[in-house]
1. When you look at M633, is it within 13 Å of the ligand (Cβ to nearest atom), modelled with pLDDT of 90 or more and among the hydrophobic types (A, V, I, L, M, F, W, C), yes or no?
2. Tell me which residues, restricted to the stretch 732-762, are surrounded by fewer than 17 Cβ atoms within 10 Å (Cβ to Cβ) and either free of Cβ contacts under 8 Å to residues at least 40 places away in the same chain or in contact with a Phe, Trp or Tyr (Cβ under 8 Å, 6 or more places away or on another chain) (or both).
3. If you check E442, E412, E396, E384, which single one turns out to be within 12 Å of the ligand (Cβ to nearest atom), touching a strand residue (DSSP E or B) at 6+ places or on another chain (Cβ under 9 Å) and open to solvent by 20 Å² or more (accessible area, probe 1.4 Å)?
4. Is there a residue in the stretch 262-285 that is closer than 30 Å to G74 by Cβ, of a type in the set (S, T, Y), open to solvent by 20 Å² or more (accessible area, probe 1.4 Å) and within 44 Å of the chain's Cα centre (by Cα)?
5. So, in the stretch 28-73, of the ones that are of a type in the set (K, R) and in contact (Cβ under 8 Å) with a residue 12 or more places away in the chain, which residue ends up nearest to L860 (Cα to Cα)?
6. Could you give every pair whose Cβ atoms fall below 8 Å, whose first residue belongs to the stretch 459-477 and is more than 9 Å from the ligand (Cβ to nearest atom), and whose second residue is open to solvent by less than 10 Å² (accessible area, probe 1.4 Å) and part of a loop (DSSP other than H, G, I, E, B), counting only separations of at least 6 or pairs across chains?
7. Within the stretch 727-844, considering only helices (runs of 4 or more DSSP H) that don't extend past its boundaries, which have at least 3 residues that are assigned by TED's automatic domain parsing to the domain that holds R895 and over 31 Å from the mean Cα position of the chain (by Cα)?
8. A319 - would you say it is in a helix (DSSP H, G or I) and surrounded by fewer than 24 Cβ atoms within 10 Å (Cβ to Cβ)?
Amino acid sequence: MNKVPFNTSWHASEITDVLEQIESEPEGLTIEEAEKRLSRYGKNKLRPPKKQSPVIRFLLQFHNVLIYVLLAAGIITALLSHWVDAGVIFGVIIVNALIGFIQEGKAEKALDAIRSILSQQAFVLRDGKKVMIPADGVVPGDIVFLQSGDKVPADIRLIKTKELRIDEAALTGESMPVDKTVVPVIETAVIGDRKCMAFSATFVTYGQGTGVVVSTGDDTEIGRINMMLSNVKPLTTRLLRQIAEFGYLLTMAIGAMAIFTFVFGIMVRQYKFGEMFLAAVGMAVAAIPEGLPAIITITLAIGVKGMATRNAIIRRLPAVETLGSVTVICSDKTGTLTRNEMTVQTIATVSHLFDVSGVGYEPHGEFSLDGKNITLTEHPTLRELAQAALLCNDAELHAVENQWQMHGDPTEGALVSMGIKAGMEHANLKEMYPRTDVIPFESEHRFMATLHHDHSGHGFIYVKGAPEKVLMMCDKQRSSGVNEPINIKYWNNHIEEIAGRGQRVLAIASMPTDVNHRTLQFSDVNGGLSILGFIGIIDPPRTEAIKAVQLCKSAGIRVKMITGDHISTARSIGAKIGIGDGKTAISGTELDVMDDNQFRLAVQKADIFARVSPEHKLKLVQSLQANGEVVAMTGDGVNDAPALKRADVGIAMGIKGTDVAKESAEMVLTDDNFASITNAVEQGRTVYSNIKKSITFILPTNGGEAGIIIAAVLTGRLLPITPVQILWVNMITAVTLALSLAFEPPEAKIMQQSPRNPKEPILSPFLIWRILFVSAIMVMGTFGLFLWDRLHNVSIEYARTVSVNTLVMFEIFYLLNTRFLRTSVFTRKGFTGNRYIYIAIGAVIIAQLFFTYTPFMQHLFGVKGLKPVEWIYITIITFSVFVLVEIEKLILQKRERRKKKIPEQLLK
Ligand code: ATP
């Protein structure tokens, strides 16, 4: 592949030289040329980090204490010349590693696929038009547009900047954003001083810029120092670590028990050394839950995939677990709780309050006053206001096949629609009053200003923004074409009135300026403007958000609305959605004067926070966390990044979110919808509960098997089940029955329980009880049947075959119990809802028939074909576990209900 000539001095060259050298021009490349360059230079992607080779990944499967124990057991068994046993132990170890290897690979692939959904976009000029393309299609010579929140897609020599500031920490480690200009710097300047360059993978924190791409992919600075900034994170979570620690403890305990059994057998029961050694190995093998780590990983991966199909992309795996314990969700209003489909409904001028009809962005509707339609010619101030709203605006409205499509910011789209309803021609207006300069809208300053000059040289400044902000810039008000002193009280009353209807309020102001005034500064709009009027815009709540908020309430999760909008608008929308008490709301200005204690009290009390800035968001998260809450926080802007990082689960908006917000978040919503957060919480809870189910299912099997061997040694009997048979049972049930639990759908009541305490250990007292209870049933049933068979003089092989099948059948019935941990399975959902359960059971039955009746398996595992009647005994005995566990659930539920009732009775 041809690469761009290695030029290290783009930063020292004049822009005309750069354009010449890179064979481009300010109008950008043609689509044809861009395609040619793409095939010549390759995609604009960094080489992916070297992944571990498959061999290493396979070998790593053996790096686990539990497997070490098995390996040691296999080696010693081989040294004792028990070749078949040793062979089966090694066979199982290899099969287990293979399964782990394949499943891990699948999980990684699923996560990779999900990550690629979040690919970056870039705004470039192609054929002279501004188009959005995937960032990996950017080529050297492309003209790229940058704005605050963007991740720079390639190395760029800047041509134009407007207060452009870039955070280059990814490249230089410097955390303060750098001010960018277009002036070349000296050739020897270090990266951090190359102010006329924007480097790939850095973030625009403020302003806007345009530049020409000089290098892409691995040729960029970031590519050259080969620092992969990709979000590939190792597949580990707190839960997996907990499990690993648990495995370690378990190994120790198993080791101690094996030694005890060994010594006891030799000293007290006078077993032979070799025989007793095999029994001790059998015990160790029995107690080790080999399949558990792989099952947990796969359950997490299934959860992540499930969330992706419901519009929530997990960027960091631990978030899956944390989601299940979230106690507070702090959500933006606009677009997340509301539809972000704005329509102007009210206009206030100095003397009138007009209504505007129409739905959505479609520019069909009428202006009316007290119920009577009016025309704009009768109301010159209204006309001026509509004109200003159209000019101080970057949105566009087009009719495509009879459908109106809006491009740009929804608030501005609503103004364009209103302007067209007023009979104005947007394109004409822009030609008559071309824009000379702009101060773009940013959430921090909450206004936008534009400078225009008509063709006779007259200059105008238009400002639109949050009313409090704009009123501060005005000392006059416009009335029938003339300026008069401002009546602040009148306007303040109107803010309350319009916002109280749940509408977003924008104020519009204007001021004439000089013909020579060609650039717009903040100081230009500090005062002297004349207010034209207010515009009230509705943004209806999302119906699904109303339901989702209710669901959160039943799930013990508080929802807080954090918005940049006016307090009255926020309160009114909150009441419609069901957030807050309809009265309590706190504004950013009130938060500013609170000390830490007051802040902590305030966040506990109120659910609506209005006119907040990103710094408030960070403090809100910190205070809620200090109050012991587990916080999920949404965000979209550049400055939301610290709050997103600090939250337990940072959630970025996939559509309107900036690259910075997405990179800082644990989760990205592809539809920006609050309801998707609730779905993700439900999935998070389900994943955790399914992992718990797998553990509760697997461990009693191991406990039962180990118990049977201990019971045999203590009573001085032959082992009812040999080590290789135990391995068979463990393997066959782990890859079928236990795995099917990973596909369990959410339990009906999962969103009616309070959030899980994140500090709660995975093995709760209840789980320990359940594991012991079921282990005991399995030991009694299997050992009992074994003793019964031996009493009736059947061969040891036959009796052992009965034991193996009894254990497996016990597991099949117990699997049905485990689908619901605490509640009865005697419901319709208890027997349907997860077909994998039945597929797994079918597979296990076929495997057991194969195991029991084929000569090859009979020889390998020392088993015998069973008489048909034996299956009847086995089924009757093993069905008992199903009945007993269901009775246990009933008793425990009754006790719980009684416990809850006691305080109420006491109160009476
Ligand atoms: P939320 O945090 O709920 O999503 P938001 O992000 O919509 O709210 P901002 O976009 O920060 O809040 O808007 C705050 C205020 O700024 C609005 O109430 C409005 O008065 C004003 N505003 C919003 N968009 C524009 C714009 N494009 N031009 C001028 N002013 C705007």
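The values are calculated or read from the model by the stated rules, or taken from the named source; none is laboratory data. Because the structure is a prediction, the values reported are computed rather than measured. Because the Cβ atoms are built from the backbone with ideal geometry, glycine has one as well, and the counts that use them run over all protein chains shown. Please note that ligands, DNA and RNA were not included when accessible areas were found on the heavy atoms of the full protein model with its side chains. Shrake-Rupley method; radii C 1.70, N 1.55, O 1.52, S 1.80 Å.
1. Taking the combined requirement at face value, the residue satisfies it.
2. Residues satisfying the conditions are K759, E760, I762.
3. E442
4. Our first condition is that a residue be closer than 30 Å to G74 by Cβ; within the stretch 262-285, this holds for 262-285.
Remaining after also requiring of a type in the set (S, T, Y): 271.
Okay, now just the ones that are also open to solvent by 20 Å² or more (accessible area, probe 1.4 Å), so 271.
Pick out the ones that are also within 44 Å of the chain's Cα centre (by Cα) and you get none.
No, that holds for no residue.
5. R57
6. Sorted first by the residue in the stretch 459-477, then by its partner, the pairs are I461/L520; Y462/C392.
7. Of the helices (runs of 4 or more DSSP H) lying wholly inside the stretch 727-844, those with at least 3 residues that are assigned by TED's automatic domain parsing to the domain that holds R895 and over 31 Å from the mean Cα position of the chain (by Cα) span 765-791, 796-818.
8. Considered against the rule, which asks whether it is in a helix (DSSP H, G or I) and surrounded by fewer than 24 Cβ atoms within 10 Å (Cβ to Cβ), A319 comes out as no.
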